[in-house]
1. Whose amide H sits under 5 Å from the amide H of residue 200, counting only residues 5 or more places off or on another chain, with H placed in the peptide plane?
2. In region 25-87, how does Rg compare with the Kirkwood Rh, expressed as the Rg/Rh ratio over alpha carbon atoms?
3. At a Förster radius of 25 Å, what calculated FRET efficiency corresponds to the Cβ-Cβ distance of residue 309 and residue 454, to the nearest 0.05?
4. What dipole magnitude, in Debye to the nearest 20, does the chain give about its Cα centre under +1 on Lys/Arg Cβ and -1 on Asp/Glu Cβ?
5. Distance in nm between label sites at residue 505 and residue 481, each 7 Å beyond Cα in the beta-carbon direction?
6. Exposed loop sites here are chymotrypsin sites (Phe, Trp or Tyr not before Pro) in DSSP loop states with at most 16 other C-beta atoms within 10 Å. What is the longest stretch of the chain lacking them?
7. For residue 210 and residue 322, what does the FRET efficiency come to when R0 = 30 Å and r is the distance between their Cβ atoms, rounded to the nearest 0.05?
8. Please pull out the direction-averaged projected area of region 276-351, using the convex hull of its alpha-carbon atoms, in nm² to one decimal place.
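The values are calculated or read from the model by the stated rules, or taken from the named source; none is laboratory data. Computed from a predicted model, the values in this text were never measured in an experiment. Neighbour counts run over all protein chains shown; Cβ positions are idealised from the backbone, glycine included. Remember, those area values only see protein heavy atoms, side chains included, never the ligands or the DNA or RNA. Shrake-Rupley method; radii C 1.70, N 1.55, O 1.52, S 1.80 Å.
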Amino acid sequence: MSDQAPRVRARTIKTMAVLAICTLAIETHAEITSGVVTGGSSFVNGGLFIEIPAPVVLPNNAYNDDNVRAFNEQQDVTLTSNISLHVAASGLDSSILGPGSVVSSHYIIYDPSATEEVEASVTFDEPILGVMIYNEGFNITDPVLGNPGTAYDIGSQELESPDTVTISGDTVSFFLRTVSPGDAIRVITGVDPEPGTTVCVGGTATLAGVVTGGSAAEAGGVFRQICDPIGPVGADNFNSFDLFAFEEQQAVELTAPLAVDENFSIDAGEIVSSFYVVFDPVVDTRNQGTITFPDDIIAVIKDRTQLQDSEFLGNASATYLEPDLLGLEGSDNFTINGNELFVSFRASSPGDSVRVLLGSASPSLFFTVCPPEDVTITGVVLGGTAANNGGVFAQLCDPIGPVGNNNFQSNDLFAYEELQGVVLTDDLTLDENTVVPAGSTVNSYYVSFDPASSRSIQGDVTFSAPILGVATSLETLNDSDFLGNPTANYLNPSLRGLEVDDSVSFAGNVFSVAFSANSPGDYVRVITGTVVDSDGDGVSDDADNCTVVSNASQLDVDGDGYGNACDPDLNNDGVVNFLDIGVFSAAFGSTGSQIADFNGDGVVNFIDYAIVPDYFFGPPGPSGVAP
């Protein structure tokens, strides 16, 4: 970087590329909107941002100057296979773009004649999904996203240290230091992409790993743990330089011997937890890496026959494609050191895969029971076979981790806090058509029972506020997931909820359960809190015909949806005026059920008239039920 601190100058030019003798016109729908060079030695030298048409040839040493150039490539492409982003935008469901994603591509190149530095940013007219910055990624995406009229003959355009790239919405910013043939970035934009795989978000991963060598490391490959739903595995579905792993069944008691290979099997009665490791690049690539598990590895299954025979340990949300192509080949190897697996895989599609087996101490069983000082929920197990086997109530504390895929394997009844003190912006519909109205402040809790084998349990859970309703059906659970705990990973959501032999009830702040479950268990959501009652009359605003005037009786003689207590509009024309005074005068002194008896004391008098001035020339109400 230069010691100078020159003021930022926005230099933007649109011109024809020097090398573009002719170009192929492509219709663009997600275009570059602007760019700016803001720093570095090239900035000091007068470097500009220049938008160019796609060139016919992009060779080595194409430009040899201080400018940053960019051009649009393929637009509105519907992907037919996964693309693994080298740098993904925050907030994506996956760092891999899946089939069905509609994306557009743009190419940025910086090619100085000598070693120079540049700071710049480029903005597009739709959100950036991610960027490609390594040679292998360029090679993979050139045929799919590159401009069809451009020959990409540049040799090595990938970024190296200390180059950096950051994404913010529709703008990519970067710092590059390079010399010929230059540095390049392929920017992929789009809206609502289809996720290729669900990479675990922060706080939910149970494994650690690193890619340490091979051409996969040179191409930017890293280790990634996948979280449910896993989706398809095994038919060119990753097409990535990354090394992947995911949880399968946890804490499974073997009912028969399990063959690991021709010479070794695990005895029946042993309890094992299973994980799947996959390396599936699009081109022939070597990947060397290490994956760290939470307990010692007791076996690794690598042969196709044994992998097929052990699929009962597979993840319920995964679809294992082409099982006759699974496993390893002669050039692949691995070693085990306690809880670490060292791999050296060489693969092309459909890739290499192994199943790793641990003992009973699986990561999903590492839940955090709250210390006494953090307990906000109390409960008791009252009966059932779970109680006979020592089951108790326990509150879990953050981080919650995975929930819902045989992850507890316990006779205990668990509950944990989800989001607390949430003000609803829309009505929330729960079981039995219970509606918690918008504006209510609610607290959410998850109650779980996930035994290792078929068990029943009866128990009570006591919360600190009245229970407003529960979600026990798949529909109401899905609709209320916005209240979930951000540190929890809700696995197999299509298998949660209750079945016909399960029941729940509640009174006040006590929630009673009678569950009968096997894996993956029973899971429900409990909503507590208070509904909005602005006038304190015991009637929630959504059902109150006078929301700011206390009227517990809800008297509404004319049945117009506005209670008498806030309805001096006696002729129902929508405004209180002299016409209503005439109606009131005619009723003055009368008794019985009268629309002018605003306070409901059975007589129309000056006490009733006293409210009229507050409404004069205004509407009646407000009301939560008026049409």
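1. 225, 226, 227
2. 1.04
3. Plugging the Cβ-Cβ distance into 1/(1 + (r/R0)^6) gives 0.50.
4. Value, rounded to 20: 1700 debye.
5. So the label points at residue 505 and residue 481 sit 3.2 nm apart.
6. In short, 1-263.
7. Calculated transfer efficiency: 0.60.
8. If I average the Cα hull's projected area over directions, I get 5.4 nm².
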